[in-house]
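Peer 1: Before I ask anything, here is the structure I am working with.
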Ligand SMILES: Cc1cc2nc3c(=O)[nH]c(=O)nc-3n(C[C@H](O)[C@H](O)[C@H](O)COP(=O)(O)OP(=O)(O)OC[C@H]3O[C@@H](n4cnc5c(N)ncnc54)[C@H](O)[C@@H]3O)c2cc1C
Ligand SMILES: Nc1ncnc2c1ncn2[C@@H]1O[C@H](COP(=O)(O)O)[C@@H](O)[C@H]1O
């Protein structure tokens, strides 16, 4: 099985973030592999360990941080990495990324595309589904379990509105995974050392055989006008001390003050 | 006049409140409204769908559509959108909506926005607001396409108390099944529990409850209150709670009148799912737990001591 895995460099959401004049203050931010993509990487490596899969990872993004992320994936067990780096993509949206990924897919011969269900910076949850539509491939999103039946068939489960949905998937296909599918392994020191020596194929749009126009850089479907700091909810009162007294007081307040009971 | 197609949320033969909320917002924007409903045995819902505020009801009602399947269901929505010549297609907040919306957007050549909390017309263009980066920021976005497909965040729009609607059903031809991603079965993990999305009170349990006995204790509080019973991801991962009960960024977004967080630290991914609640109560033994930063009433204490007393006190006032 030949697997293409997509990973995105995203801002570390655990760090504080500030908005000034409609823009995010970038000082002090750090960048990491998107959490859901770590699950996609782990899924691919488990398939490789059990079923002899080939694993190729692609990340579209600028700079050193992307290479660090690819090397982290190498240290986890990914075999090959591609970075797509082109200044024309700096304002790309999900449709543009999907068209670039379409090009990457078409250059190889992949049986399965594994992606995160959502990027932590956009929280869109769109790119994988759009890619599948563009490629005319079947797609299951929000996947929490994959079982290989044979070379061209998978049993897949996803979280739906009314429970766990079970599907039979025929390859090639696009699957986007939820964090619940597995616990990504931590790269070991030895793996990190080896990863340093592994090559990364770096391509721009021209080398990928396309142009900014062809992937839609000039015709965005939407534009972010401004970022706004959300209203922060203020903590109210904290009650410490004798549990019996405190619980009674809070219940009274819920009835008489908050009118919530 | 702009035309807005709302995709109906139907559960066990009932039109959910989100459908009316979305239609109310569409009417408040002065739009012409239609609704599309997909499923099996839903033919009897026309009057309920009209009463929810729609003036046309597109129905894809066929046994082949009994179980959700993103591809074919999206085809039904696309069919309705084309017939209605919709400028916007709105989904309620749901896993099915998240799965269908990008498909519909590609097929209609529309823009796509998930998780929107506001929509307005500014100088003839559509603008939306949505949270991003785990709720750390809001984005104000201008739509540059003629059409927009959007998923509306739970609780974003209020239902109007009075809303006009007329019965005008249109039957859609069911699409072909997706044989390459074939739905076989849906294993329901929620049973007959109160739905989190509809609950007026939600009690959620976190890792502080430790084990099955702790979960049962917190659940008994939820039962006393006739509340929805939710959970953090930690408790889902540990196997104590089903996926359908996870509250947060990757689970359900809830905005009840009262949210009671028991043994929950308050990670940003959990807060993303409940910060819109009207009143928040937290029980946590760590006075520094981040959940206290959003709680209106924070009880610092051991949940195994506090919850039984809360139950007693609530019984007193609820008699
Ligand atoms: C991409 C991504 C998506 C995620 N999505 C979600 C999501 O949708 N929903 C979600 O919930 N999480 C989500 N998470 C996980 C989230 O980051 C936290 O790990 C999780 O919410 C922690 O759950 P918890 O509060 O139950 O556990 P903990 O963080 O371990 O907190 C347990 C709390 O219990 C308290 N406690 C312990 N014993 C007692 C006692 N006897 N009495 C009272 N208090 C006690 C402790 O002080 C502590 O504060 C996501 C994470 C990632 C990376
Ligand atoms: N720039 C990118 N490079 C590689 N993969 C990406 C990129 N953007 C999005 N993806 C993939 O698409 C998924 C969903 O992203 P989004 O639609 O932005 O939520 C991510 O989890 C990634 O797997």
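Quick note: the coordinates plus some simple rules give every number you see, no bench work behind them. It should be emphasised that the depicted structure is a prediction, and the values quoted were computed from it without experimental measurement. Positions of Cβ are backbone-derived with ideal geometry, glycine not excepted, and every protein chain shown enters the neighbour counts.
Peer 1: Using beta carbons and a limit of 7 Å, which pairs, at least six apart or on different chains, have the first residue in segment A:216-242 and at the interface with chain B (Cβ under 8 Å from one of its Cβ atoms) and the second one surrounded by fewer than 14 Cβ atoms within 10 Å (Cβ to Cβ) and not in a loop (DSSP other than H, G, I, E, B)?
Peer 2: The qualifying pairs are A:227/A:23.
Peer 1: May I ask you to say which residue of B:135, B:168 is on the phi > 0 side of the Ramachandran plot and touching a residue at least 12 places away in the same chain (Cβ under 8 Å)?
Peer 2: B:135
Peer 1: Still on this structure: Listed residues A:19, A:7, A:66; which is touching a residue at least 24 places away in the same chain (Cβ under 8 Å) and within 14 Å of chain B (Cβ to nearest Cβ)?
Peer 2: Testing whether each residue is touching a residue at least 24 places away in the same chain (Cβ under 8 Å) and within 14 Å of chain B (Cβ to nearest Cβ) leaves just A:19.
Peer 1: Could you figure out which of (1) loosely packed, with under 15 Cβ neighbours inside 10 Å; (2) in contact with a helix residue (DSSP H, G or I) (Cβ under 9 Å, 6 or more places away or on another chain); (3) within 12 Å of chain A (Cβ to nearest Cβ) isn't true of residue B:184?
Peer 2: Evaluating residue B:184 over (1) loosely packed, with under 15 Cβ neighbours inside 10 Å; (2) in contact with a helix residue (DSSP H, G or I) (Cβ under 9 Å, 6 or more places away or on another chain); (3) within 12 Å of chain A (Cβ to nearest Cβ) leaves (2) as the failure.
Peer 1: Determine the pairs where a residue that is within 17 Å of residue B:249 (Cβ to Cβ), located within segment B:100-116, has a partner that is part of a loop (DSSP other than H, G, I, E, B) with Cβ atoms under 6 Å apart, the partner being 6 or more residues away or on another chain.
Peer 2: The qualifying pairs are B:114/A:124; B:114/A:125; B:115/B:153.
Peer 1: Let me ask something else. Please work out if residue B:214 is within 16 Å of ligand 1 (Cβ to nearest atom), under 27 Å from residue B:318 (Cβ atoms), away from chain A (no Cβ under 11 Å) and assigned to a strand (DSSP E or B).
Peer 2: no
Peer 1: When only residues in segment B:236-251 that are outside any loop (DSSP other than H, G, I, E, B) and within 12 Å of chain A (Cβ to nearest Cβ) count, which is farthest from residue B:97 (Cα to Cα)?
Peer 2: Restricting to residues being outside any loop (DSSP other than H, G, I, E, B) and within 12 Å of chain A (Cβ to nearest Cβ), the top hit is B:237.
Peer 1: A further question on this structure: If a residue must be within 14 Å of chain B (Cβ to nearest Cβ), in contact with a strand residue (DSSP E or B) (Cβ under 6 Å, 6 or more places away or on another chain), surrounded by 13 or more Cβ atoms within 10 Å (Cβ to Cβ) and part of a loop (DSSP other than H, G, I, E, B), how many such residues does segment A:22-57 contain?
Peer 2: 2
Peer 1: Could you check, for segment A:177-200, whether at least one of its residues is within 7 Å of chain B (Cβ to nearest Cβ), within 31 Å of the chain's Cα centre (by Cα) and surrounded by fewer than 19 Cβ atoms within 10 Å (Cβ to Cβ)?
Peer 2: No, segment A:177-200 contains no residue that is within 7 Å of chain B (Cβ to nearest Cβ), within 31 Å of the chain's Cα centre (by Cα) and surrounded by fewer than 19 Cβ atoms within 10 Å (Cβ to Cβ).
Peer 1: Sticking with this one: Looking only at segment A:7-29, count how many residues are over 19 Å from residue B:271 (Cβ atoms) and under 18 Å from the mean Cα position of the chain (by Cα).
Peer 2: 3
Peer 1: For residue B:198, indicate whether it is more than 16 Å from ligand 2 (Cβ to nearest atom), surrounded by fewer than 16 Cβ atoms within 10 Å (Cβ to Cβ) and within 12 Å of another protein chain (Cβ to nearest Cβ).
Peer 2: no
Peer 1: Let me ask another. Among the strands (runs of 3 or more DSSP E) contained in segment B:252-319, which hold 2 or more residues that are at the interface with chain A (Cβ under 8 Å from one of its Cβ atoms), in contact with a strand residue (DSSP E or B) (Cβ under 6 Å, 6 or more places away or on another chain) and more than 9 Å from ligand 1 (Cβ to nearest atom)?
Peer 2: Filter on segment B:252-319 gives B:279-284, B:297-300.
Peer 1: Related question: Report yes if residue B:149 is in a strand (DSSP E or B), touching a helix residue (DSSP H, G or I) at 6+ places or on another chain (Cβ under 8 Å) and under 27 Å from residue A:135 (Cα atoms), otherwise no.
Peer 2: Numbers: in a strand (DSSP E or B): yes; touching a helix residue (DSSP H, G or I) at 6+ places or on another chain (Cβ under 8 Å): yes; under 27 Å from residue A:135 (Cα atoms): yes.
Yes.
Peer 1: Kindly list the number of the only condition in (1) surrounded by 22 or more Cβ atoms within 10 Å (Cβ to Cβ); (2) without any contact (Cβ under 8 Å) to a residue 60 or more places away in the chain; (3) closer than 18 Å to residue B:101 by Cβ that fails for residue A:133.
Peer 2: Result: residue A:133 fails condition (1) only.
Peer 1: Oh, and also: Identify all residues within segment B:66-83 that are more than 14 Å from chain A (Cβ to nearest Cβ) and buried (at least 21 other Cβ atoms within 10 Å of the Cβ); write none if there are none.
Peer 2: Scanning segment B:66-83 gives B:76, B:80, B:81.
Peer 1: Among B:227, B:156, which is in contact (Cβ under 8 Å) with a residue 24 or more places away in the chain and within 13 Å of chain A (Cβ to nearest Cβ)? Before the answer, list the steps.
Peer 2: On the way: B:156 fails: within 13 Å of chain A (Cβ to nearest Cβ).
Of the residues listed, the single one that is in contact (Cβ under 8 Å) with a residue 24 or more places away in the chain and within 13 Å of chain A (Cβ to nearest Cβ) is B:227.
Peer 1: For segment B:266-292, how many residues meet the condition of being within 16 Å of ligand 2 (Cβ to nearest atom) and either without any contact (Cβ under 8 Å) to a residue 24 or more places away in the chain or in contact with a helix residue (DSSP H, G or I) (Cβ under 9 Å, 6 or more places away or on another chain) (or both)?
Peer 2: Going residue by residue through segment B:266-292, those that are within 16 Å of ligand 2 (Cβ to nearest atom) are B:269, B:272.
Filter again for either without any contact (Cβ under 8 Å) to a residue 24 or more places away in the chain or in contact with a helix residue (DSSP H, G or I) (Cβ under 9 Å, 6 or more places away or on another chain) (or both), leaving B:269.
The number of residues fulfilling the criteria is 1.
Peer 1: Taking only segment B:123-147 into account, find how many residues are more than 9 Å from every other protein chain (Cβ to nearest Cβ) and surrounded by fewer than 19 Cβ atoms within 10 Å (Cβ to Cβ).
Peer 2: 4
Peer 1: Being touching a strand residue (DSSP E or B) at 6+ places or on another chain (Cβ under 7 Å), within 7 Å of another protein chain (Cβ to nearest Cβ) and not in a helix (DSSP H, G or I), is that true of even one residue in segment B:95-112?
Peer 2: Taking every residue of segment B:95-112 in turn, at least one turns out to be touching a strand residue (DSSP E or B) at 6+ places or on another chain (Cβ under 7 Å), within 7 Å of another protein chain (Cβ to nearest Cβ) and not in a helix (DSSP H, G or I).
Peer 1: Does residue B:231 qualify as being crowded, with 24+ Cβ neighbours inside 10 Å, more than 10 Å from ligand 1 (Cβ to nearest atom) and over 22 Å from residue A:251 (Cβ atoms)?
Peer 2: no
Peer 1: Now, a different point. Could you tell me whether residue B:5 is assigned to a helix (DSSP H, G or I) and touching a strand residue (DSSP E or B) at 6+ places or on another chain (Cβ under 6 Å)?
Peer 2: no
Peer 1: I'd like the full set of residues that are within 7 Å of chain B (Cβ to nearest Cβ), part of a strand (DSSP E or B) and within 16 Å of ligand 1 (Cβ to nearest atom), limited to segment A:115-143.
Peer 2: A:141, A:142
Peer 1: Given the criterion under 30 Å from residue B:130 (Cα atoms), within 17 Å of the chain's Cα centre (by Cα) and crowded, with 24+ Cβ neighbours inside 10 Å, identify the matching residue among A:61, A:81, A:125.
Peer 2: On the way: A:61 fails: crowded, with 24+ Cβ neighbours inside 10 Å; A:81 fails: under 30 Å from residue B:130 (Cα atoms).
So the residue among A:61, A:81, A:125 that is under 30 Å from residue B:130 (Cα atoms), within 17 Å of the chain's Cα centre (by Cα) and crowded, with 24+ Cβ neighbours inside 10 Å is A:125.
Peer 1: Still on this model: For segment A:157-176, give me each residue that is within 15 Å of residue A:113 (Cα to Cα) and at the interface with chain B (Cβ under 8 Å from one of its Cβ atoms).
Peer 2: Within segment A:157-176, A:169, A:170, A:173 meet the criteria.
Peer 1: Here are some conditions: (1) within 16 Å of ligand 1 (Cβ to nearest atom); (2) part of a strand (DSSP E or B); (3) more than 14 Å from chain B (Cβ to nearest Cβ). Residue A:82 meets all but one. Which one does it not meet?
Peer 2: (1)
Peer 1: How many residues does segment A:144-155 hold that are out of contact with any helix residue (DSSP H, G or I) (no Cβ under 8 Å at 6 or more places or on another chain) and either in a loop (DSSP other than H, G, I, E, B) or surrounded by fewer than 20 Cβ atoms within 10 Å (Cβ to Cβ) (or both)?
Peer 2: Qualifying residue count for the region: 7.
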